[in-house]
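Q: This is the structure I want to talk about, given as structure tokens.
Bear in mind that the values in this text are calculations on the coordinates, not laboratory data. This structure is a prediction, so every number in the text was calculated from the model and none was measured. Here Cβ is always computed from backbone atoms with ideal geometry, including for glycine, and neighbour counts include all displayed protein chains.
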Ligand SMILES: [Zn+2]
């Protein structure tokens, strides 16, 4: 597809992509290319796997969609609960008003106490839920690593190798 990409135009493309599926590092793939008689730098590999490798792109897109859907669904659930709480509180308030309009009696005061307890509990619940609704920006690990590769692409090879080694360490620690 991409005319100038050494990986795309290689007859060994499938082999390199399979290695990537097996989580082999770019330096390992680059070495394999050398054994195949090809000179493919780690940068060329990173470009290929970022921009031309459909399985990865599709998987990333899909995971973003799923994540987004899950977040939306959970927010909607919380909002529904908030609506319910609001309804309960409104009903309690009108009952309180009704009791206040009547003459004070023991039963009346008991009723008021119960209603106020119910309102307080619902307000506490409301507060708890409001705190839970927080939307954090989501960036996948792959996004971050790709950014690092992009930012570092003009550095000398020895640095790139060190950076890649560190990245592998990070991946192992996940
Ligand atoms: Zn390519």
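Q: What is the angle, in °, between the Cα long axis of helix 106-132 and the longest principal axis of the Cα atoms in the chain? Nearest 10 is fine, range 0 to 90.
A: 10
Q: Please identify, among 163, 129, 109, the residue showing maximal mean-square fluctuation in a Gaussian network model of the chain using a 10 angstrom Cα cutoff.
A: For the chain, modelled as a Gaussian network with Cα springs under 10 Å, the answer is 109.
Q: Please report 164, 65 as a ranked list, fewest other C-beta atoms within 10 angstrom at the top and most at the bottom.
A: Details: 164 21, 65 10.
The most exposed by this proxy come first: 65, 164.
Q: Same structure, new question: Give me the one-decimal nm value for the distance between modelled label points at residue 8 and residue 59, 7 Å along each residue's Cα-to-Cβ direction.
A: Each label point is offset 7 Å from its Cα along the Cβ direction, giving 2.1 nm.
Q: What FRET efficiency comes out for residue 24 versus residue 66 if R0 is 30 angstrom and r is the Cβ-Cβ distance? Round to the nearest 0.05. Please report the intermediate quantities before stating the final value.
A: Numbers: r = 27 Å, r/R0 = 0.88.
My answer for the efficiency is 0.70.
Q: In whole angstrom, how long is each semi-axis of the equivalent ellipsoid of the chain, when you take the square root of 5 times every eigenvalue of its Cα gyration tensor and sort them from largest down? Don't skip to the end; give the middle numbers.
A: Values: eigenvalues 806, 47, 24 Å².
Rounded to whole Å, the semi-axes are 63, 15, 11.
Q: Between 99, 45, 126, where does the largest GNM mean-square fluctuation fall for the chain, given springs only between Cα atoms within less than 10 Å?
A: 99
Q: For the chain, calculate the relative contact order in percent as a whole number, restricting contacts to Cα pairs under 8 Å that are 6 or more residues apart. Show your work: numbers first, answer last.
A: Working: 76 pairs, mean separation 34.2, N = 174.
Result for the chain is 20 percent.
Q: Relative to the longest principal Cα axis of the chain, at what angle does helix 141-151 sit, 0 to 90 degrees, rounded to 10?
A: Here the helix axis deviates by roughly 50 degrees.
Q: Determine the calculated [θ] at 222 nm for the chain from helices alone, applying -39500 (n - 2.57) to every DSSP H run no shorter than 4 residues and normalising by the residue count; nearest 500 deg cm²/dmol. Walk me through the numbers before you get to the answer.
A: Numbers: 7 runs with 132 residues, N = 174.
When only DSSP H runs of four or more count, the value is -26000 deg cm²/dmol.
Q: Moving on to the next point. Would you please give the FRET efficiency between residue 114 and residue 77, computed as 1/(1 + (r/R0)^6) with r the Cβ-Cβ distance and R0 = 30 Å, to the nearest 0.05? Display every interim value, and only then the final one.
A: On the way: r = 28 Å, r/R0 = 0.94.
Calculated transfer efficiency: 0.60.
Q: Any idea what angle helix 26-35 forms with the longest principal axis of the chain, computed on alpha-carbon atoms, 0 to 90 degrees, nearest 10?
A: Helix 26-35 sits at roughly 20 degrees to that axis.
Q: Something else now. Testing the spin-label approximation: label points 7 Å from Cα along Cα→Cβ at residue 168 and residue 84. State their distance in nm.
A: 5.2
Q: Related question: Name the residue, out of 64, 101, 154, whose mean-square fluctuation peaks in a Gaussian network model built on the chain with Cα pairs under 10 Å.
A: 101
Q: Taking only C-alpha pairs under 8 Å that are 6+ residues apart, what is the relative contact order of the stretch 59-132 in percent? Write out the running numbers ahead of the final one.
A: Numbers: 21 pairs, mean separation 28.1, N = 74.
After rounding, I find 38 percent.
Q: Could you grab the relative contact order for the stretch 14-58? Cα pairs under 8 Å, six or more apart, rounded to a whole percent.
A: Reported relative contact order: 24 percent.
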